[in-house]
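S.K.: What follows is a single structure, and I will ask about it in a moment.
The values are calculated or read from the model by the stated rules, or taken from the named source; none is laboratory data. Treat the numbers as computed from the prediction; the structure is a model and nothing was measured. Don't worry about glycine lacking a Cβ; one is built from the backbone with ideal geometry, like all the others, and counts go over all protein chains shown.
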Amino acid sequence: MAYKTLIVEIEDHVGLIRLNRPDALNALNSQLIGELAKCLTEMGANDKVRAIVVTGSDKAFAAGADIKEMSEKSFVDVFAGDMFTDDHDTIVRCRKPIIAAVAGYALGGGCELAMMCDFIIAADTAKFGQPEINLGVVAGLGGTQRLTRFVGKSKAMDMHLTGRFMDAEEAERSGLVSRVVPAKKLMDEAMDAARKIAEKSAISTMVVKEAVNRSYETTLTEGILFERRVFYSLFATEDQKEGMGAFLEKREPQFRDK
Ligand code: CAA
């Protein structure tokens, strides 16, 4: 499918989605967020895609939800229209691993979109923030919940209440991003990570995603029980025999997602 607000490529089993509204710093209007949800659904169903990278431009991953589009909306418009709900749910339902490769601004909905991905690799130019307070609103794509889980209450409160931006170094120190790299190396680093994931058994990567995400939704005891059940269940796969057999035979495994 052709997209107006995304540039999409598939290479080495990695789906690369580049947000592309350069005139608005990739602000998430309804078209972009809808196309992103569709694209992730399509990549989810495409056997050629085993891992996904979402990125923006050098200047902005995304500078938030589109303020122009939202500014005249009423409570009834956004409440009855259930703004963001379906697209948010579709994005987080994607079962394939998604890396956010963030350079420049990741603000408001942009920061929230990065957090919906499975992990964030940041360029040293990245700036994260939840500045919705300056617009007389609050985060609406999960920011009050996800940022708090990632960086803790004190820093999340600071970010949401003051609207200040966090640079890449602080974001790494706080646990929001997994690695920081020089801006020039961002895409190589993200694509390499995605290619590495694409080589694994897709059954295992889907299980990792489910199990780690479960840790945000449940108690430690329940989470460990869930982990043990899925760990045991992987012994029913051919890929477990292949992975362990390959280790013992000192060769690379050939996973078949079975
Ligand atoms: N929505 C719509 N347009 C946006 C935008 C946004 N979130 N962010 C930037 N733009 C547009 C600007 O209006 C401008 O367009 P024009 O050239 O037509 O005027 C263009 O992008 C370039 O932006 P600036 O001239 O402002 O660029 P800058 O380098 O001076 O500043 C910035 C960059 C600090 C990111 C600034 O653009 C900014 O503060 N943007 C808004 C950030 C924000 O408040 N995000 C939260 C949005 S609300 C939200 O996301 C709710 C939610 O949780 C779902």
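S.K.: For Thr218, which of the numbered conditions (1) without any contact (Cβ under 8 Å) to a residue 24 or more places away in the chain; (2) assigned by the TED database to the domain that holds Leu16 fails to hold?
M.R.: Only one criterion is unmet by Thr218, namely (2).
S.K.: Can we say Gly140 is under 28 Å from Asp86 (Cβ atoms) and touching a strand residue (DSSP E or B) at 6+ places or on another chain (Cβ under 9 Å)?
M.R.: yes
S.K.: Related question: Does any residue of segment 39-53 turn out to be over 15 Å from Pro97 (Cα atoms) and over 14 Å from the mean Cα position of the chain (by Cα)?
M.R.: Within segment 39-53, not a single residue is over 15 Å from Pro97 (Cα atoms) and over 14 Å from the mean Cα position of the chain (by Cα).
S.K.: For segment 206-217, does any single residue satisfy the condition of being surrounded by 21 or more Cβ atoms within 10 Å (Cβ to Cβ) and either out of contact with any strand residue (DSSP E or B) (no Cβ under 9 Å at 6 or more places or on another chain) or at positive phi (or both)?
M.R.: There is no residue in segment 206-217 that is surrounded by 21 or more Cβ atoms within 10 Å (Cβ to Cβ) and either out of contact with any strand residue (DSSP E or B) (no Cβ under 9 Å at 6 or more places or on another chain) or at positive phi (or both).
S.K.: Hey, another quick one. Within segment 48-63, does at least one residue satisfy the condition of being polar (S, T, N, Q) and either on the phi > 0 side of the Ramachandran plot or in contact (Cβ under 8 Å) with a residue 12 or more places away in the chain (or both)?
M.R.: Yes, because at least one residue in segment 48-63 is polar (S, T, N, Q) and either on the phi > 0 side of the Ramachandran plot or in contact (Cβ under 8 Å) with a residue 12 or more places away in the chain (or both).
S.K.: Check segment 55-62 and report whether any residue there is more than 16 Å from Ala114 (Cα to Cα) and away from the ligand (no atom under 16 Å from the Cβ).
M.R.: No - not one qualifying residue is present in segment 55-62.
S.K.: Condition (residue is within 16 Å of the ligand (Cβ to nearest atom), part of a loop (DSSP other than H, G, I, E, B) and of a type in the set (Asp, Glu)) applied to segment 6-15: is it met by at least one residue?
M.R.: Taking every residue of segment 6-15 in turn, none turns out to be within 16 Å of the ligand (Cβ to nearest atom), part of a loop (DSSP other than H, G, I, E, B) and of a type in the set (Asp, Glu).
S.K.: Hey, another quick one. For Met166, only one of the following conditions fails: (1) more than 16 Å from the ligand (Cβ to nearest atom); (2) surrounded by 14 or more Cβ atoms within 10 Å (Cβ to Cβ). What is its number?
M.R.: That leaves (1) as the condition not met.
S.K.: Sort out which residues of segment 26-49 are part of a loop (DSSP other than H, G, I, E, B), surrounded by fewer than 20 Cβ atoms within 10 Å (Cβ to Cβ) and within 13 Å of the ligand (Cβ to nearest atom), and write them in order of number.
M.R.: Listed by number, the list holds a single entry, Asn29.
S.K.: Return the pairs, sorted by first residue and then second, in which the second residue is part of a loop (DSSP other than H, G, I, E, B) and more than 12 Å from the ligand (Cβ to nearest atom), the first residue lies in segment 70-84 and is within 18 Å of Gly109 (Cα to Cα), the beta carbons are less than 9 Å apart, and the residues are 6+ apart or on different chains.
M.R.: Lys73/Gly81
S.K.: Also, I was wondering about something else. Just give me the residues in segment 165-205 being closer than 27 Å to Glu11 by Cα, of a type in the set (Gly, Ala, Ser) and touching a strand residue (DSSP E or B) at 6+ places or on another chain (Cβ under 8 Å), in sequence order.
M.R.: Ser178, Ala183, Ala190, Ala193, Ala194, Ala198
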